[in-house]
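Peer 1: Please find one structure pasted underneath; my questions will follow.
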Amino acid sequence: MKHLTTLLNTVSPSGAEESRRAVIESIAAPFADEITTDALGNLIVHKKGDGAKVLLCAHMDTIGMIATRVEDGFVRFGALGGLNVLDLQNIPVRFENGTCGVLSYDGKIPAKDRKLHHCFIDVGDGTVQLGDCAVFDGEMRKLGEHKISAPYLDNTLGCAILLEVLENLKKTEYDVYFVFTVQEEVGLRGAKTAAFGIEPKYAIAVDVTDTGDLPETNVQMETKLGGGAAIKIMDRSIVCHPKMVQVLKETAEKNDIPHQSEVLTAGGCDAGAIHLSGSGVITGGVSVPVRYVHSPCETADLRDALAAVKLLLAVLEQGVFA
């Protein structure tokens, strides 16, 4: 993925997406007819066309922590998005101002009883102000030939996929909006305003999804790393439009693009807000399977991301929407 490492080096917790938005805008500018930022902060990259409006979106924001109390080098914090307290055990974090710390917890509390308010960030002599945001601090690592692990593949992968599609799109009959949304992790907020403003006929949300391919997994789904682009059937925010599911599957089959089906029983995505906008939008999703979602070591297979790029390009270039 051409821009993945660059995007992973940007800090973008929910509500503080400015640095990532600036990087995405600089990459997208040479390939766009128009770029705007709406009042909520969504970056809207427009490729003008005479056909139906198609919205492709990926959220720019990530989960994170926000300082609620600072005392004697220890920071209490609130959650920006879905934090699993069992993942927060002596891990490195970094604040937007560069202050580094270690996220730990009250050792007297058994794991089964641990809640987020038992956790804290040890910043030593570092400086943190009330309201400062922090993120997991780590680098991308290769796990063999095709797999990678890093913090915030959710949804940095989706942003990288949209940029690859934008750069490689040769010709389309549609009026296409590539939208990089804000505040997905705290309630699908950016997607709601973006869809209202654009009024698309069709929409596809590009995100990550959970997997069921771990030993003795409790996740009851078949999605797996290396299985190809995951075509969303449903999650907790949306039951995807049957027409969109059919079109995505038929396009993948016609073009020999590796794909699999996604039925996610926990969690949602921007599609959940988009499909309810206005009088309704024909909406679907293309996802990249990721293990250990919302942890500091999310793990994915880059072949699945590349399959997503190929599928989205085929949808736009082959005029698959009647």
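Peer 1: So if R0 is 45 Å, what FRET efficiency would Lys201 and Lys115 give, r being the distance between their Cβ atoms, rounded to the nearest 0.05?
Peer 2: E between Lys201 and Lys115, to the nearest 0.05, is 0.50.
Peer 1: For an R0 of 56 angstrom, estimate the FRET efficiency from the Cβ-Cβ distance between Asn97 and Asp50 and round to the nearest 0.05.
Peer 2: Efficiency, rounded to the nearest 0.05: 0.75.
Peer 1: Where only protein heavy atoms count, and the probe is 1.4 Å, what is the accessible area per residue for the chain in Å²?
Peer 2: Accessible area per residue: 43 Å².
Peer 1: Any chance you could run the full-extension gain for Asp256 through Glu216? It's 0.36 nm times the residue separation minus the Cα-Cα distance, nm to one decimal.
Peer 2: That pair, Asp256 and Glu216, stretches by 11.3 nm at full extension.
Peer 1: Mind giving me the FRET efficiency for His146 and Lys170? R0 is 22 Å, r the Cβ-Cβ distance, nearest 0.05 is fine.
Peer 2: After rounding, the FRET efficiency stands at 0.25.
Peer 1: For Gly226, which sequence-distant residues (separation of 5 or more, or a different chain) have an amide H within less than 5 Å of its own amide H, given hydrogens modelled in the peptide plane?
Peer 2: Those lying under 5 Å, H to H, from Gly226 are Asp301, Asp304.
Peer 1: Search the structure for amide H atoms under 5 Å from the amide H of Phe120, placed 1.01 Å from N in the peptide plane, and list their residues when 5 or more places away or on another chain.
Peer 2: Ser104, Tyr105
Peer 1: Then there is this: Which order do the peptides 256-263, 191-198, 135-142 come out in when sorted by mean C-beta neighbours inside 10 angstrom, highest first?
Peer 2: The most tightly packed comes first, giving 191-198, 256-263, 135-142.
Peer 1: For Lys192, list the aspartates and glutamates whose Cα falls under 18 Å from its own Cα; do not include residues on the same chain fewer than 8 positions away.
Peer 2: Glu17, Asp38, Asp61, Glu184, Asp207, Asp235, Asp270
Peer 1: So, one more: Report relative contact order for the chain in percent, whole number only (criteria: Cα-Cα under 8 Å, sequence separation at least 6).
Peer 2: 23
Peer 1: Expressed as a whole percentage, what fraction of the accessible surface of segment 257-322 belongs to carbon and sulfur atoms when a 1.4 Å probe is rolled over the protein heavy atoms?
Peer 2: 60
Peer 1: What list of ³J(HN,Hα) values in whole Hz, one per residue of segment 214-226 in order, does the Karplus curve 6.51 cos²θ - 1.76 cosθ + 1.60 (θ = phi - 60°) give from phi, with Gly and Pro shown as x?
Peer 2: Along segment 214-226, the couplings run 8, x, 6, 5, 9, 8, 8, 8, 9, 4, 9, 5, x Hz.
Peer 1: Take every DSSP beta bridge with both residues inside the chain and express the antiparallel ones as a percent of the total, to the nearest 5.
Peer 2: Around 65 percent antiparallel, to the nearest 5.
Peer 1: Say the cut-off is 21 Å between C-alpha atoms; which of Lys2/Lys310; Lys201/Lys232; Lys170/Lys254; Lys47/Lys310; Lys2/Lys48; Lys2/Lys254 go over it?
Peer 2: Lys2/Lys48; Lys2/Lys254
The values are calculated or read from the model by the stated rules, or taken from the named source; none is laboratory data. In this text the structure is predicted, and so the values were computed from the model without any measurement. No Cβ is skipped: glycine too gets one built from the backbone with ideal geometry, and neighbour counts run over all protein chains shown. SASA here: full protein model, heavy atoms, side chains in, ligands and nucleic acids out. Shrake-Rupley method; radii C 1.70, N 1.55, O 1.52, S 1.80 Å.
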